[in-house]
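Below is one structure, written out as structure tokens; the observations come after it.
The values are calculated or read from the model by the stated rules, or taken from the named source; none is laboratory data. None of the values given here were measured: they were computed from a predicted structure. When we count neighbours, we look across all protein chains shown, and the Cβ atoms used for this are built from the backbone with ideal geometry, even at glycine. Quick note on the areas: whole protein, heavy atoms, side chains included, nothing else; ligands and nucleic acids left out. Shrake-Rupley method; radii C 1.70, N 1.55, O 1.52, S 1.80 Å.
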Amino acid sequence: LDVAEEYSALEEISDEEAAGISIPANIPPASNSLRDYVDKSETLTKLVQLGVHLWKLEQRPNVGSMLLRLDFNTDVAPRLLFLKQIGVENSRLGYIITHNPFILTADLDNLQARVNYLKSKKFSSETVASMVSRAPFLLSFSVKRLDNRLGFYQQQLKLSASNTRDIVARLPRLLCGSLEPVKENLKVCEIELGFKQNEIQHMVIAVPKVLTANKKKLTQIFDYLHNTMKVPHHLITKFPQVLNTKFLRLRERHLFLEYLEKAQYDPTLARYISLDRLVSLPDETFCTELALATLDDFYLFQKTL
Amino acid sequence: MRACANTQGVFCVYKPADVHWKLVRDTIETNLLKGVNATHPQPVPREVRFLVSSSDEPGAAKGLRVSPAAVPVLSKHPLVTGPEFQQIKVGVGHRLDTSSSGVLVLAVGNGNKTLNDLYNTRITRDYTLECEFGMATHDFSHTGRVLERSTYDHISEDKLERVTAMLEGANQKALRMYSTVDMGSQEAYEMAAKGLLGPDGKSAPILTGLRCIHFQPPKFTLEVQCLNETQKYLRKVVHEIGLELRSTAVCKGVRRTRDGLFTLQDALTRHHWSAADVMEAIYKYHSSKRNQKKILFPIRESTLETSGSRLTGTHQNKDAAAG
């Protein structure tokens, strides 16, 4: 009681004393979202300025608390500098952290070892930078796992080293996911769809996405191409991007051409329509050049299917 | 979170075959969310905070310099809060099963109430059935397991027409049976004269109209108008027609061409499922509602029967005008 009488609320104090009074921050001790902490935490503020989608990360369990516990200068900054050193651009840093926030807790020596391993396999620095930008989980895998996967692709597909490097550089996701779906896809291509080894090789080098495509969709598209459109294997091998399209798109365009009696996919006969143009052209160009009809006709035809 | 008026309403899309109706609804919801979030960017609010900077030079005055600065409040930043709209209520009208295609009515936001009323009223739907003689399968469609094959050379067009007329008659009788009015009364006669007889609410599927529009054995095409149906029932009807003709038939395609007042013309195809196209379709629906002299979708009317009667009344007017 005696102590309280010494300080009255209306007593005038100097400015330094006023600034010196510490006010406990009114942040809640536990919360569901990072919104309450973002203004007070330096790490979170800098992450938002980098472009990290905090609203996506806070939905995952444990990630929010992990981010709050990081200190910007000792944890986050060295890893960001490391990424910039290997050549990742500033605009991609936010994307990488949004998809793989655990890269901020990875051991720097491990990260360096993995980058060195990739360089030892003769990937150039720009390739490594682009692979890391597009597959944020790449550097979270151990050297042994990366080695395992590269070896798998080289042996299973019997590709040369430079071809393996090429497909992995174009689709770095191949090194990140598990190998079981890829093995299944290869078995499907060989047994169910009936492609020979060299045909599969050619298709994978042209369109690596075939390896990670959905098995059901792949078989559905192939079934339609081979049995309904009567396209032989060697033509599909020549245009593997046709296996990558949406089934509905292929079906409506084929039926439209069939209705106009222009569905002719054999290169030896007249008025041949190539498969890659069939699927890759936008609607308007498809109508005017391949089908020789108007866009409205195409839409009206779709309503009769 | 009020979205603006041009995203509340009813519209229809053309559902492609072999696509589950839920996928269609989810795609439309995603596209609408993308459109609405893109056009409503809220600027990050700024608040004034006083930054304390103490003077570093040794000889300067000892006072503290407090400078105000307008700093953005990061807790309201879109990367921290997420997009403004994360869910939009999109409701589906009469469902279409996976292998059928055709007009599917969808409603957004407040339009769901209209959709509910629409669902409960007695409006008919138009289907086109592509069928083929010669096979019978376990699920009445051409992709099922074949149970029986038969010849169809003895079938001629007038035999088919006789069968369809008979079926139509049986269904008209069912229509009268299911309506809740006493058959011998004057009221029943007046309602029948105006075409207002019919079941209220849930009942067995009834075909109000059935005719053959194309006959080229083994293929033939039927046009059906019906109430309270499911697509499986329609395929069963085709199977029964085959049996009546001492042969077998399967249904290759079910296509809904009209659902109440939404026709193929208003339906949006797959390429027009972006937010802008959907909003345009809703605008067209609202303006057509304003233009009609009669009230089409009374939300506040009391009895179901009156609203049903008005709808079938206008439908009949349209029929009379068209054919």
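Per-residue shielding of A:169-181, expressed as the average number of other chain Cβ atoms within 10 Å of the residue Cβ, stands at 0. Suppose R0 equals 25 Å. What FRET efficiency, 1/(1 + (r/R0)^6) with r the Cβ-Cβ distance, do B:V71 and B:A38 give to the nearest 0.05? That gives a FRET efficiency of 0.40. Under 13 Å from the Cα of B:K284, which aspartates and glutamates turn up, not counting those fewer than eight places away in the same chain? Within reach: B:D266. Calculated from the alpha-carbon coordinates, chain A shows an Rg and a Dmax of 28.7, 107 Å respectively. Once the Cα-Cα distance is subtracted from the 0.36 nm per residue extended length, the B:R145 to B:H214 segment shows a gain of 22.2 nm. Charge dipole of segment A:196-300 (Cα centre as origin; +1 on each Lys and Arg Cβ, -1 on each Asp and Glu Cβ, all else neutral): 580 debye, rounded to the nearest 20.
Using a cut-off of 24 Å between Cα atoms, the listed pairs A:K56/A:K217; A:K262/A:K303; A:K216/B:K232 include A:K56/A:K217; A:K216/B:K232 as exceeding that distance.
Taking every DSSP helix (H) stretch of at least 4 residues in the protein assembly as shown, weighting each as -39,500 (n - 2.57) and dividing the sum by the residue count yields a mean residue ellipticity at 222 nm of -13000 deg cm²/dmol. Ordered by solvent-accessible area of protein heavy atoms (1.4 Å probe), largest first, the residues B:V13, B:V146 come out as B:V146, B:V13.
Within segment A:224-243, name every residue whose backbone N is under 17 Å away from a label modeled 7 Å from Cα of A:N198 along the Cβ vector. Residues A:233-239 fall inside that zone. Take every Cα pair under 8 Å whose residues are at least 6 apart in sequence, average their separation, divide by the length of chain A, and the relative contact order is 9 percent.
Among the listed pairs A:K158/A:K187; A:K246/B:K15; A:K40/A:K84; A:K121/A:K196, those with a Cα-Cα distance over 20 Å are A:K40/A:K84; A:K121/A:K196.
The residue among A:A270, A:S14, A:Y95 whose Cα reaches farthest toward the positive pole of the charge dipole of the protein assembly as shown, with charges on the beta-carbon of Lys, Arg, Asp and Glu, is A:A270.
The convex hull drawn around the Cα atoms of segment A:145-197, when projected onto a plane and averaged over every direction, covers 3.7 nm². Cross-link partners of B:K89 among lysines, defined as those whose alpha carbon lies under 18 angstrom from its own and excluding same-chain residues fewer than eight positions apart: B:K22, B:K34, B:K113. Interface of B with A. Using a 1.4 Å probe and counting protein heavy atoms only, the two chains hide about 2300 Å² of accessible surface, both sides summed. The residue among A:T228, A:I23, B:V92 whose Cα reaches farthest toward the positive pole of the charge dipole of the protein assembly as shown, with charges on the beta-carbon of Lys, Arg, Asp and Glu, is A:T228. Computed about its Cα centre, the charge dipole of segment B:115-163 is approximately 200 debye, with only Lys, Arg, Asp and Glu carrying charge at their Cβ. Using a cut-off of 20 Å between alpha-carbon atoms, which aspartates and glutamates can reach B:K159, once sequence neighbours fewer than 8 places away in the same chain are excluded? Leaving aside aspartates and glutamates fewer than 8 places away in the same chain, those within reach of B:K159 are B:E130, B:E132, B:E168, B:E223, B:E240, B:E244. Taking R0 as 35 Å, what FRET efficiency do you get between A:L281 and B:Y119 from their Cβ-Cβ distance, rounded to the nearest 0.05? Here the calculated transfer efficiency is 0.30. Considering only B:C212, A:P78, B:F133, and ranking their Cα positions along the charge dipole of the protein assembly as shown that arises from unit charges at the beta-carbon of Lys, Arg, Asp and Glu, the one farthest toward the positive end is B:F133.
Remark: segment A:130-239 carries a charge dipole of roughly 220 debye about the Cα centre, counting +1 on each Lys and Arg Cβ and -1 on each Asp and Glu Cβ. Packing-based ranking of A:60-66, B:99-105 yields B:99-105, A:60-66, ordered from highest to lowest mean Cβ neighbour count within 10 Å.
With a Förster radius of 60 Å applied to the beta-carbon distance between B:T180 and A:E126, the computed FRET efficiency rounds to 0.15. Label positions at A:L300 and A:T268, each projected 7 Å from the Cα along the C-beta direction, are separated by 3.8 nm.
Counting Cβ atoms of other protein chains within 10 Å of each residue's Cβ and taking the mean over peptide B:77-87 gives 5.
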